[in-house]
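Take a look at the structure set out below.
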């Protein structure tokens, strides 16, 4: 249930004709707009004052009148007449009622204690006079602009236009010290180096500012700052939380991916595509230095959610997980709260439950998988060459054995019993003894794309042919140490057991029920079986408890240890077939084979199993030539290719499963599904939202495409608004993750649309957008405000001055490290372990604490353990990673002061700074203070500040002297002074 | 983030705040300046993003404070407050022949297991209590017992989140955070939501106590026993008065900054925050040292016991009383760690030893707390809540344990607004399922809020496009236990 808080009611209880006398051409402090817009001028008045009784909810509607639709507002009233007659104010009862002075007639009624202002009445009147044009919700209308997209003054013009309307006067440009500090912090999250400050101040050329901006835009620290902004959207964490806080493999690789992407200014449309469907892109984007594919790393954001430990109701667990995926995806990329439509159609936005379950199908069709982190074009090429070599070997053998072709034709099919694919006791889920994988999916390179049937077995030393492989799925079909996984289509569990005939070493067979991955005891332990046997063995899974659930089988070399996937070098797995059965393992399975589809192509030795058998027998009997010296070099080259394909580095990602449509779950309860299934598609209210995805898989590629369709009104707007938010501390739409009807209206709609159009026109370049904004005069203004401004625009919506803001948690900590010169600017890599205080207790606590100073690394490199979040980060409002947070809270609590006053890290850093200062061997006291001021505040101390410092030192020396007259006194007093500096508001506020 | 507001909080004017620039550090009378705003929220900007600010109750409250005695792991209802003679009669029989057995987390269903403890009737009301809790038994006339609790989750972590936040998922605000959001704290020098970490942080971790999407000011402060009860509460300066001098210096410089910038409100708040932080430094140690507690009081709680776990929990109970005396809105006590294999109430095996050790540690301190509160007249304004996250099965797990049971468990409340000596709800003859007057966790939340004067349907916060509630879209008052 959703609660609406609308304070004012209008009741149209009875109608009467009354004389109206009022001056409708009066003057207002803020003149009426030339064209009254429904979304920006009229709807807010109606929502606030009318909709409780005349809105969408029929249960509270009065007089059968609804003002939320054009049809409703212009319909004939029960009592006669019409509330609104477009273009005819005199015939519109609404106008008569709002201007009425009779307490029994006026709207809103007096008992609501609410009154329309004269300006509001005039707006409604003028709007009806102009034709009462109804419009779709503003954010669903595509952005348009008449401005010149290359005009460098466009932003200032559009900001200025609204300031003028509000009668505000802009303040002057900030001084250069403030400017460089502002740009440096907002672009890189770090204070400027004093040398940079001096250089900028000394540079009096016209281009000095733009040059300075480019320095920070091109700094590697830029990516570290903007990646962290993005990480707030995707609930970035390196563990799965819940009971034991398991690691999310390679989460940090996604963090590094973001840093590189922002630094390289990868176009936003590409970033979006890589997130939504990076695994499905035909043209992947490679890391320029390493050649490794970047695109698939984007999909890691899907797996950043919470992971439940042994949920009893695994289907509900899936529903919760998918809900979180939908929530994060739609908020992040579309600024819409689609998750609200889980239980019923959205109460406020035109988003239906069907929309939600259309996306649910997309997510349900998406599977999770370890993904090798080092896939490159080179590897893809090597894999292809390997396959080509194998084909070559087959062809070679076939041509030399051409005489055997005819005798093979006569081989008897009866050598194999043909078994039914299904009978009352069992169902064959997959048979790999033929030449293919029986519609299973082979992911990665290990298994190749066909079974081993007919592969020549060659002695690598001599090149002698030992025989032909029988049919099986083998992870060493190409060679050992290569990643791959063989996965079945989805099935509904309807038998007590699943059986897989397999052998192998250090490998696993897993039953994935409802996409549940954290398989372990209690409950699920039996669903992950280790394979360590050199002989064919029947692996049996008792799935009786999950009958009716959706599941698939995963056959994978290597395995999971505490949910971290490892691929030992000697790991391999081979499988013949998989079945579902009741009672005993069906006996005829072992010899029998299902041969519904038999390939028979001698030229490539793509022949049925019985022919392979016969040829092997003939070979044994010496009927066939077995010396193939040509094969030896081929085998050698193959081994070299295999070495190029080996991998041992993974991240948790996704791969595309088999397309599933979902029913609607009544009231969000999966136990109450609708009869109809909702085809996978986008949101029906947006353009192309009705086009059903045609993909046989999840349809995520199509999802990315519709989000990037030129008619999508949200994608570009939402992103430019996020950029604006990070630069000004507030978005043009303040509710950065909600552009729906309950979100705030844009303060500068024309500006937002201009930026949205420009962003697309500039090739979705984030850096260009940032450059355009920070080089505007609006951005450069001082924070100083006079009382007039404070009164007229108390919240600084119109940006006559630059907003004062507190720095984020990371910027505060990193800033301290920079000014003490102890920042280790090493980029990338595994996170630095969390420093565990006594207060951070509970299950899953790491055995060892990380270092208190995080090895001096930037905060973005500190581990994010869901159940052991860094207290300094959370206290300074870094969001708890469970949903999208495009805008952080800014709280002000004593624990923040306590950290800066008493936290051992801050004290340690103060001491370090004092030591640095001693080392510098500067002569005078004043010089030292100035050094500190330049480091910490990017400016010199004033004479007043110098004097205060001097007095403070006198006092400190007296106190220290009493306690300790040792040589360390000088160090001790400077430490106290530096510690005080960190506690100054100027240090944590951008002013 | 999707915050909106329709109601603006009372904003302290800048002039009121500028008292700051005068006088020495710690000399300002801040008390009372902030009305009933929550702890740490003098006028912080985040309040302006709150969707709906109820600075004060919706109606006349019965309780001012809550002490939440969290029985981590799930106490067995049939061994504590819900006697089932049939278990004794059918001890050792196959439960599946008697009733439908639900899937459990460990799926190791054993035989029907009788309670190893006897039950006796106590007090004027005659409430039966097992021998596990001889001290609490002496307080039954103040206790309203609910035997018909159910949870939605049979796993600890989900169930813990559910009990604490009303949702089985991570990241939602804890009830202590909601209470403080709704009511604020009466004391400006101590946080309004305190968790006394007795040794065990429940599964799910500190997220059980977090603010979720509410502003960070509403999260719990975790207190530990030992020399630094609250993180960063002890000054690092080795020399007396040095910190005061530094803070004075800081304030001087900060104050001169105010004149140089616009929109100084947030900065002013940050400055005054130091005043609060400074005061916390002295008020917390004063609180955790029991200087003025008499020997008799300490003995009442069991501070003279030989059992170190009992002494530890006794000290937490005394601290809880001292906290609510000082106006802390919500205090939660976690369980002591009574030793390997039997930590928390989660006895999948070794029921007898485990429940006995846990009960021994908490029984006397809890009874002491109830009696002490009563004798001081504090029980009238304090709600004491005792519950685990779910119950346990009436049949064995293996031979001598009990598995999780979300289908029935017992909890009790005592104190303000609660009808003492009441038994509400009923389970079947095995204590396996509720058959009468089912009470959900949402109902419990609604009832606790009601006693504090809060309407659970009205206390909302806009997040992600929805007006969020502790009780989501659920919750009915348990009227029968209200006085």
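Bear in mind these aren't lab numbers, they're just calculated from the coordinates by the rules spelled out. Fair warning: this is a prediction, and the values are worked out from it, not measured in the lab. Note: ideal-geometry Cβ built from the backbone for every residue, glycine included; neighbour counts use all protein chains shown.
In whole Å and largest first, what semi-axes does the C-alpha gyration tensor of the protein assembly as shown yield when each eigenvalue is scaled by 5 and square-rooted?
In descending order, the three semi-axes are 54, 43, 38 Å.
Taking beta carbons within 10 Å but only from partner chains, what does the mean come to for residues A:855-867?
Mean shielding count: 1.
Using a 10 Å cut-off around each Cβ, can you sort A:455, B:455 from fewest to most neighbouring Cβ atoms?
Least crowded to most crowded, the residues run B:455, A:455.
Within 10 Å of each Cβ of B:248-258, how many other protein chain Cβ atoms are there on average?
6
What is the calculated FRET efficiency for residue B:103 to residue B:483, with r their C-beta to C-beta distance and R₀ = 30 Å, to the nearest 0.05?
My answer for the efficiency is 0.15.
What's the angle, to the nearest 10 degrees (0 to 90), between helix A:715-728's Cα axis and the longest principal axis of chain A?
Helix A:715-728 and the main axis of chain A meet at about 50 degrees.
Please work out the Cα center distance from the stretch A:105-152 to the stretch A:646-711, rounded to the nearest Å.
37 Å
I want the antiparallel fraction of DSSP beta bridges within chain B, as a percent rounded to 5.
50 percent
In percent, what relative contact order does the stretch A:174-253 have, based on Cα pairs under 8 Å that are 6 or more apart in sequence?
The value is 26 percent.
Normalising by the residue count of chain A, find the relative contact order in percent from Cα pairs under 8 Å and 6+ residues apart.
Relative contact order of chain A: 15 percent.
With everything on Cα atoms, drop me the angle between helix A:609-620 and the longest principal axis of chain A, reported from 0 to 90° to the nearest 10.
50 degrees
Quick one: compute the contact order of chain B, relative version, from alpha carbon pairs under 8 angstrom and 6+ residues apart, as a percent.
Taking the mean separation of contacting Cα pairs over the length of chain B, I get 28 percent.
Sort B:438-446, A:167-175 by the packing proxy (mean of other Cβ within 10 Å over each peptide's residues), most packed first.
Descending packing order for the listed peptides: B:438-446, A:167-175.
Once the Cα gyration tensor of the stretch A:756-887 is found, what semi-axes does its equivalent ellipsoid get, as square roots of 5 times the eigenvalues, in whole Å, sorted largest first?
Taking √(5λ) for each eigenvalue gives 36, 20, 16 Å, largest first.
Label-point separation (nm) for residue A:617 and residue B:326, each offset 7 Å from Cα along Cα-to-Cβ?
9.1 nm
Sorted by packing (mean other beta-carbon atoms within 10 Å per residue), highest first, where do A:761-768, B:334-341 land?
Top of the packing list down: B:334-341, A:761-768.
Can you tell me the orientation of helix A:268-277 relative to chain A, as the angle in degrees between its alpha-carbon axis and the longest Cα principal axis, to the nearest 10?
Between helix and principal axis, roughly 40 degrees.
Could you please rank A:124, A:626, placing first whichever residue has the fewest other Cβ atoms within 10 Å of its Cβ?
A:626, A:124
Which values, in whole Å and largest first, are the semi-axes of the equivalent ellipsoid of the stretch B:84-176 obtained as the square root of 5 times each eigenvalue of the Cα gyration tensor?
28, 25, 10
Would you mind giving the mean number of other chain beta-carbons within 10 Å of the Cβ of each residue in A:884-890, as a whole number?
Going residue by residue through A:884-890 and averaging, the value is 5.
Can you give me the Cα centroid spacing of the stretch A:801-845 and the stretch B:311-366 in angstrom?
With the stretch A:801-845 and the stretch B:311-366 each reduced to a Cα centre, they are spaced 35 Å.
What order do you get for B:154-162, A:686-694 when each peptide is scored by the mean count of other beta carbon atoms within 10 Å, highest first?
B:154-162, A:686-694
If Rh is defined by the Kirkwood formula over all Cα pairs and Rg also comes from Cα, what ratio Rg/Rh do you get for the stretch B:199-349?
Rg divided by Rh gives 1.07.
With a 10 Å Cβ neighbour count serving as the proxy for reagent exposure, in which order, fewest first, do A:134, A:440 appear?
Sorted ascending by nearby Cβ count, the order is A:134, A:440.
Tell me, rounded to the nearest percent, the portion of alpha carbon pairs in the stretch B:386-483 spaced more than 23 Å apart.
Roughly 38 percent, once rounded to a whole number.
Need the C-alpha centroid separation for the stretch B:410-483 versus the stretch A:283-344, integer Å.
35 Å
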